[in-house]
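The structure appears right after this line, and notes come after that.
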Amino acid sequence: MATTESVSLMDKIVSLAKRRGFVFPSSEIYGGLANSYEYGPLGVELKKNIQDEWWNAFVRQRSDMVGLDSSIILHPKVWEASGHVAGFADAMVDCKNCKTRMRADHLIEEYFESKGEKVSVEGKSPAELERLIKDNKIPCPVCSKHDWTPVRKFNLLFETNIGIVPEAQSKVYLRGETAQGIFVSFKNILDSTRLSLPFGVGQLGKVFRNEITKGNFIFRTLEFEQGEIEYFFDPAVDDWQKLFESWKKNIWEFATNNLNVRAENLRWREHSDEERSFYSKRTEDLEYKFPFGFKELWGLAYRTDYDLQQHTKYSGIDLSYLDPVSGRKFIPHVIEPSVGINRLMAMVMLDSYREEGDRVVLQLKPGLAPYKAAVFPLLANKPQLVEVAQGIYRDLKKEMTVAWDDRGNIGKRYYAQDEIGTPYCVTVDFDSLENKDVTVRDRDTMKQDRVPIKELSRYIKEAVRPNSLH
Ligand code: GAP
């Protein structure tokens, strides 16, 4: 159960996100669209910085990884082969009285949670979920009536059509995960590179899911950025357990080090036999302690050779790998780390939020901050100060994201930057005109340093480099 304190933390983040331009409700002037958000001027920077961190750490800096950017709309057979058309579905139930539609597993879990009890719904069939709802007379959380439709499976793939002539229209899907793009390009990647096993392919991109239940802020949305890796290996040579453990370590280090998230708010949870997909030998989720409980942040699954086998079968193209040394031909096995960047962003904002008296600080890792520095003239009505400050602002802007502020007193300007996580504030005062130096104030220690103007860029850049480039 969420505590009052944690619920209000979520409210504070949602309010800060809107007020300062991180995240807005989608299409708000038309009354909004459920489970959709826009990323504002600061949100787009924070999200991009997290994506860059992911890309640098997992693709660019590893010699066993390459990247890919596949299409959002793939051949519809891809989704038949992957099993998404038949099985990518949530069990849903509708209240006959007020028409509220809910995921049956969420309805049951929330009902038992509200009574302080726990129930396992993992791997349960629609019929089993329906029985649990009936036997426990679970009421609708909106109208309190107990009058539900049967539990039905509802596919999460968004459908659309290609072509303008109706007869020639063909049904296609918006991708429900980036992973399948990697599998269908596997042969082209092999043929166009000199990669040998083990190696991985990473992809970042938008995916779409027809999520019906109301999400928590940007935790569960209709569209989101996924970061996925398919790590291919030879099961006769590489020990999958060791590879699995090494990916667990990489993911943990990324969360705690690159994103600076507190380790006590993270935990691994292994999927039970019922919950795991039938083709997976082991699946674990890294969970973060969100205000609404520990929830999945990052999935890690050993998917065996299932996907490449399926695409071999459905396409008729052999997706085997030919070992250059032994001459053996086989379908590689795969370990898949998969994460939602938007979920990482929600976590980073929640985890870095601090209140110190009347000061609110987003203690973001400096490299992730939307602005690396803010430049202020001490007084806006003194042209000599404004001119020097503008020069510094323009020079810094060539190398990093920088904010400009000349309104209000300096204390207020500091607080406004603290709230959005800007690591350094640079003030040009009258001494600056004489001594060619500025005051640099640190967000976390609030200490002030005098720094020569010509050394300013190096001073800031050294401290705010992305972690993955240190
Ligand atoms: N290829 C495997 C796969 O897609 P998943 O558990 O469905 O696995 C992976 O999704 C990750 O994507 C999740 O751990 C979560 O971070 C993110 N994710 C899934 N659904 C999401 C949604 N509706 N909104 C935001 N992020 C989502």
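The values are calculated or read from the model by the stated rules, or taken from the named source; none is laboratory data. All values reported here derive from a predicted model rather than from experimental measurement. Every residue, glycine as well, gets a Cβ built from its backbone with ideal geometry; the counts of neighbours run over all protein chains shown. Surface accessibility is based on the protein's heavy atoms, side chains included, excluding ligands, DNA and RNA. Shrake-Rupley method; radii C 1.70, N 1.55, O 1.52, S 1.80 Å.
Under the convention that each Lys and Arg Cβ holds +1 and each Asp and Glu Cβ holds -1, the size of the dipole of the chain around its Cα centre is about 600 debye. Helix 240-253 and the longest principal axis of the C-alpha atoms of the chain enclose an angle of approximately 30°. By the compact-protein rule of thumb, 2.2 N^0.38 Å, the alpha-carbon radius of gyration of the chain corresponds to a ratio of 1.12.
Against the chain, whose longest principal axis is taken from its Cα atoms, helix 341-352 shows a tilt of about 50°.
Output the 0 to 90 degree angle, nearest 10, between the alpha-carbon long axis of helix 41-55 and the longest principal axis computed from the alpha carbons of the chain. Around 60 degrees separate the two axes.
Counting pairs of alpha carbon atoms under 8 Å apart in space and at least six apart in sequence, what relative contact order in percent does the range 358-469 give?
33
With an 8 Å Cα cut-off and a minimum separation of 6 or more residues, compute the relative contact order for the chain in percent. It would help to have the intermediate numbers written out before the result.
Numbers: 818 pairs, mean separation 66.5, N = 470.
14 percent.
In the range 376-410, what trypsin sites (Lys or Arg not before Pro) fall in a loop by DSSP, with at most 15 other Cβ atoms inside 10 Å? Show your work: numbers first, answer last.
On the way: sites: ARG394, LYS397, LYS398, ARG407; in loops: LYS398, ARG407.
Sites meeting the loop and neighbour criteria: LYS398, ARG407.
Which entries in LYS96/LYS153; LYS134/LYS281; LYS242/LYS365; LYS77/LYS214 show an alpha-carbon gap greater than 22 Å? List each step's numbers first, then the result.
Values: LYS96/LYS153 17 Å; LYS134/LYS281 34 Å; LYS242/LYS365 30 Å; LYS77/LYS214 30 Å.
The answer is LYS134/LYS281; LYS242/LYS365; LYS77/LYS214.
Relative to one another, the C-alpha centroids of the range 409-470 and the range 152-221 are positioned 43 Å apart.
Please identify every one of the trypsin sites (Lys or Arg not before Pro) in the range 20-113 that sits in a loop by DSSP and has no more than 14 other beta carbons within 10 Å of its own beta carbon. Those satisfying the criteria are LYS96, LYS99.
With the simple model of a label 7 Å out from the Cα in the direction of the Cβ, ASP395 to LYS12 spans 3.8 nm. Between TYR314 and ARG465, the FRET efficiency from the beta-carbon distance, with R0 = 45 Å, is close to 0.50.
Run the dipole for the range 358-469 about the Cα centre, Lys and Arg Cβ at +1, Asp and Glu Cβ at -1, nothing else charged, and hand back the magnitude in debye, nearest 20.
Working: 19 positive and 17 negative charges, 60 e Å.
Dipole size: approximately 280 debye.
Here the gap between GLU110 and GLN384, fully extended at 0.36 nm per residue and compared with their Cα-Cα distance, gives a gain of 92.5 nm.
Partners of LYS329 within straight-line reach, counting lysines whose Cα lies under 21 Å from its Cα and excluding those fewer than 8 residues away in the same chain: LYS187, LYS313. Partnerless cysteines in the chain, where a partner means another cysteine C-beta under 4.7 angstrom, comprise CYS425.
Given R₀ = 25 Å, what would the calculated FRET efficiency be for LYS412 paired with GLN448, taking r from the Cβ atoms and rounding to 0.05? Please report the intermediate quantities before stating the final value.
Values: r = 16 Å, r/R0 = 0.65.
The value I calculate is 0.95.
Averaged per residue, the chain has 48 square angstrom of accessible surface, using a 1.4 angstrom probe with ligands and nucleic acids left out. At R0 = 22 Å, how high is the FRET efficiency between ASN56 and SER196 if r is their beta carbon distance? Nearest 0.05 is fine. Here the calculated transfer efficiency is 0.40. Taking only protein heavy atoms and a 1.4 Å probe, the accessible area of the range 353-429 is 50% carbon and sulfur. Taking a straight Cα-Cα cut-off under 13 Å and skipping sequence neighbours fewer than 8 places away in the same chain, the aspartates and glutamates within cross-link reach of LYS12 are ASP351, GLU355, GLU419.
Rounded if a/c is under 1.5, else prolate if a/b beats b/c, else oblate: with a ≥ b ≥ c from the C-alpha gyration tensor eigenvalues square-rooted, which is the range 358-469? Verdict is oblate for the range 358-469.
Suppose we keep just the DSSP beta bridges with both residues in the range 358-469; what percent of those would be antiparallel, to 5?
Details: 9 of 17 bridges.
Here the antiparallel bridges make up roughly 55 percent for the range 358-469.
I want the antiparallel fraction of DSSP beta bridges within the chain, as a percent rounded to 5. Around 85 percent antiparallel, to the nearest 5.
Please tell me the relative contact order of the range 3-153 in percent, rounded to the nearest whole number, where contacts are Cα pairs under 8 Å and at least six residues apart. Don't skip to the answer; put the middle values down first.
Details: 130 pairs, mean separation 24.1, N = 151.
Reported relative contact order: 16 percent.
Modelled this way, with points 7 Å down the Cα-to-C-beta line, the labels at ARG131 and GLU455 are 7.4 nm from one another.
Just by accessible area at a 1.4 angstrom probe, what is the order of THR427, THR445, THR312 from largest to smallest?
Numbers: THR427 10, THR445 80, THR312 30 Å².
Sorted descending by solvent-accessible area, the residues read THR445, THR312, THR427.
Length available on full extension from SER246 to SER71: 0.36 nm per residue minus the Cα-Cα distance, which gives 60.0 nm. Quick check: from the Cα gyration tensor, does the range 62-202 come out rounded (a/c under 1.5), prolate or oblate? The shape class here is oblate.
Spin-label model, ASP239 to ASN216: label points 7 Å out along the Cα-to-beta-carbon direction sit 3.7 nm apart. Where in the range 17-35 is the amide nitrogen less than 14 Å from a point lying 7 Å along the Cα-to-Cβ axis of VAL142? Label zone hits: 34-35. Net charge in the neighbourhood of ASP418 (other residues with Cβ under 13 Å of its Cβ; Lys, Arg +1, Asp, Glu -1) is 0. The charge dipole of the range 289-346, taken about the Cα centre with unit charges on the Cβ atoms of Lys, Arg (+1) and Asp, Glu (-1), comes to about 200 debye, rounded to the nearest 20. The GluC sites (Glu not before Pro) of the range 242-322 that DSSP puts in a loop, and whose beta carbon has at most 13 other beta carbons within 10 Å, are GLU274.
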